[in-house]
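Here the structure comes first, spelled out in structure tokens, and everything after it is commentary.
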Amino acid sequence: MAYGFWDRILRVDLTSGKIWEEHPGEAFFRSHVGGRSFIAHYLLKEVPVEVDPLSPDNRLIFMAGPVTGVPLPGAGRHSVGARSPLTGGFGESEAGGFWGAELKHVGYDGIIFQGRAERPVYLWLDEQTVELRDASHLWGQRTGEVEAKLREDHGDRLVRVCQVGPAGENQVLYSCVINDLNEVAGRTGMGAVMGSKNLKAIAVRGKKNVPMADPARIREVAMWVARTMDENHYNFHHYGTGAAMVGKHLEGHLPVRNWQEGTMETVSLIDAKAIKEHYLEKMDGCYACSVRCKKRVRVEAMSVEPKYGGPEYETLGAIGTNTGVDDLLALCKANQALNWWGIDSVSTGATIAWAMECYQRGILTKQDTGGLALEWGDGQILNQLIDMIARREGIGDLLAEGALKAARKLGRDSEQYVVHVRGLEVAMHDPRAMEHMKTNYPVNPTGGDHTGGAHARTSIRNTIGVCQFLAYDEPTTLDILNAATGWGMAPEELDEVFRRGVTMARLFNMRCGFGRDDDRLPARFHEPLKHGPFADKPLTPEEVSRVVEEYYVAQGWDRATGTPTGETLERLGLAAYATA
Ligand code: SF4
């Protein structure tokens with residue numbers, strides 16, 4: 001008997017309505033384990049270069065890991081992947097919450113969609129039923145209304161819903177796939193792919209326990225998390241993310257005004273401590289997680305409801321400091337709007353920040369914006385722009401393309417102000433001050449994502465289905481995987497799994513036309529920080545080149561081009577993919 005997975009992948013052709021199962025077998029699961037490798041496998045096998053990301057021939061892949069759905073803090077993660085419509089390359093994003101665990105509890109490890117439904121549909125899954133159902137009544141509805149309606153229709157308030165909001169229907173290129181109303185596979189535009197397939201939602205309800213090889217060890221680790229909460233997870237437990245924003249300001253590397261500045265004197269008005277003081281209703285958690293780091297805010301005066309969560313650090317940075325907005329009420333409202341429309345907060349904030357810088361420099365004027373003054377720090381304009389982007393109205397239609405594509409459409413030398421890696425707007429962690437990001441962004445398979453995982457630790461957690469925030473050390477992470485699966489993997493074998501994943505993603509990116517010249521940081525990060533301990537340590541293009549080449553060599557890729565060598569492909573068992 002297999003442990004940790006069911007050996008069941010659901011395949012759904014939305015064009016024909018055909019539904020079937022695949023059983024790749026234990027050796028395949030052990031070789032690829034979860035998210036990234038699975039996604040890359042299906043993309044390399046089934047999505048040739050000529051396939052437009054928004055065409056029926058793209059695949060939309062949902063994969064849980066072997067640990068997803070076991071009763072352990074952090075084990076509620078799943079991955080979503082496709083060829084990205086935002087970047088044109090490898091698309092992957094992870095989400096927490098309950099939906100991924102529920103999918104495992106129905107008895108599936110993953111779902112792969114292809115084709116395009118003639119009319120809007122949703123997929124209903126429980127232990128007896130797999131069915132595409134009409135979603136015409138849900139199309140155009142915001143996420144909260146869709147979840148409530150599906151729960152009502154199925155007569156069960158514990159139905160877990162993963163969906164696209166209206167932004168995904170409108171194919172905003174950075175729309176997300178959102179589950180449980182405030183958990184998002186946010187990066188690389190997976191929502192636009194889902195919307196392009198006329199797939200509104202996947203509603204799941206299951207009660208099966210994921211089989212575990214060593215449940216006692218899983219229980220022991222879960223108890224350790226609860227017992228050592230204050231020692232290991234104090235800040236997450238009490239504030240979620242965003243408690244350290246004043247620290248970033250003091251050190252001079254807070255993302256401010258499209259990364260032009262690293263400080264914002266008023267940051268304490270909008271950080272996690274301010275949220276806790278003024279608007280926090282409660283902290284909440286993902287499946288089986290005692291850390292409970294998720295904020296739920298309520299602002300009655302603005303009809304902000306706790307079911308949409310509350311702004312976390314990436315959001316506070318992207319639509320807050322990076323657009324110069326220090327109005328916490330406006331940010332709570334904007335956070336809700338992002339979640340009900342279903343748009344990625346990082347790309348939204350970064351694209352608006354790019355537009356604001358263009359306005360600051362006179363590149364964009366009121367003639368372009370329909371009379372809107374895109375001034376830094378205007379929370380009302382921020383909220384207006386979010387609504388316009390989701391609806392693709394006015395200037396929002398241009399901004400819905402993401403910062404890089406928008407700049408290329410606009411011209412006027414505006415591309416130099418886009419802060420992106422391979423078309424993905426960079427997450428809110430400055431590589432000029434954070435070594436870990438300097439060595440991640442330029443070579444990360446998806447581009448400027450801090451959780452995408454060029455590094456082993458991040459990548460392995462995404463792959464096995466465990467949250468990045470849990471203070472598990474590397475041996476414990478491996479222990480958890482082995483307790484779930486019974487594989488008895490050694491650290492070296494898990495390291496090969498990581499290498500297999502990044503190398504397969506590399507092959508797919510190369511197929512899509514990306515190469516050595518794309519592995520770089522944007523010009524903004526070669527400007528010096530202005531204040532603090534990193535101000536006199538400029539990050540040069542030569543330094544980034546060195547980092548990139550070292551990564552290539554460490555992965556067994558050609559030092560000059562980043563092409564995986566034949567020897568590496570043979571060792572990882574990937575030779576067939578290179579020619580797929
Ligand atoms: S630490 Fe936070 S984000 Fe991670 S699983 Fe727990 S509640 Fe979810």
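The values are calculated or read from the model by the stated rules, or taken from the named source; none is laboratory data. What you are looking at is a predicted structure, and each value in this text was computed from that prediction instead of being measured. Glycine gets a Cβ as well: all are built from the backbone with ideal geometry, and neighbour counts include every protein chain shown.
Across the stretch 216-250, the number of residues qualifying as within 27 Å of the chain's Cα centre (by Cα), part of a helix (DSSP H, G or I), farther than 30 Å from residue 485 by Cβ and not basic (Lys, Arg) comes to 8.
You will find that of 482, 462, the residue that is more than 16 Å from the ligand (Cβ to nearest atom) and not aliphatic (A, V, I, L, M) is 482 and no other.
Yes/no per residue for (1) away from the ligand (no atom under 16 Å from the Cβ); (2) surrounded by fewer than 24 Cβ atoms within 10 Å (Cβ to Cβ):
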residue	(1), (2)
13	yes, yes
30	yes, yes
63	yes, no
88	yes, yes
99	no, no
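The single condition among (1) within 16 Å of the ligand (Cβ to nearest atom); (2) farther than 19 Å from residue 429 by Cβ; (3) not acidic (Asp, Glu) that residue 315 does not satisfy is (2). Residue count for the stretch 46-89 satisfying the condition of being among the hydroxyl-bearing types (Ser, Thr, Tyr) and free of Cβ contacts under 8 Å to residues at least 24 places away in the same chain: 0. For residue 450, the criteria (1) more than 21 Å from residue 228 (Cβ to Cβ); (2) at pLDDT 95 or above; (3) within 16 Å of the ligand (Cβ to nearest atom) hold in every case but one, which is (2). Return the residues of the stretch 139-154 that are surrounded by fewer than 24 Cβ atoms within 10 Å (Cβ to Cβ) and either β-branched (Val, Ile, Thr) or not in a helix (DSSP H, G or I) (or both); say none if nothing qualifies. Across the stretch 139-154, the qualifying residues are 139, 140, 141, 142.
Quick check on the stretch 269-285. Is at least one of its residues touching a His at 6+ places or on another chain (Cβ under 8 Å) and either at pLDDT 95 or above or more than 23 Å from residue 142 (Cα to Cα) (or both)?
Within the stretch 269-285, one or more residues are touching a His at 6+ places or on another chain (Cβ under 8 Å) and either at pLDDT 95 or above or more than 23 Å from residue 142 (Cα to Cα) (or both).
Annotation note: Cβ proximity below 6 Å between a residue of the stretch 226-242 that is over 14 Å from residue 289 (Cβ atoms) and more than 9 Å from the ligand (Cβ to nearest atom) and a residue that is in a helix (DSSP H, G or I) and not charged (D, E, K, R) (sequence gap 6+ or interchain) occurs for 239/272; 242/272; 242/313; 242/316. Scanning the stretch 467-483 for residues that are in contact with a Lys or Arg (Cβ under 9 Å, 6 or more places away or on another chain) and either surrounded by 21 or more Cβ atoms within 10 Å (Cβ to Cβ) or within 22 Å of residue 104 (Cα to Cα) (or both) gives 467, 468, 470, 472, 477, 479, 480, 482, 483. Does residue 463 satisfy the criteria of being in a helix (DSSP H, G or I), among the hydroxyl-bearing types (Ser, Thr, Tyr), touching a residue at least 24 places away in the same chain (Cβ under 8 Å) and crowded, with 24+ Cβ neighbours inside 10 Å? For residue 463, the condition - in a helix (DSSP H, G or I), among the hydroxyl-bearing types (Ser, Thr, Tyr), touching a residue at least 24 places away in the same chain (Cβ under 8 Å) and crowded, with 24+ Cβ neighbours inside 10 Å - is met.
The set of residues in the stretch 399-427 that are of a type in the set (A, V, I, L, M, F, W, C) and either surrounded by 20 or more Cβ atoms within 10 Å (Cβ to Cβ) or outside any helix (DSSP H, G or I) (or both) comprises 399, 400, 403, 404, 406, 407, 418, 419, 421, 424, 426, 427. Out of curiosity, is residue 119 part of a loop (DSSP other than H, G, I, E, B) and touching a strand residue (DSSP E or B) at 6+ places or on another chain (Cβ under 8 Å)? In short, yes.
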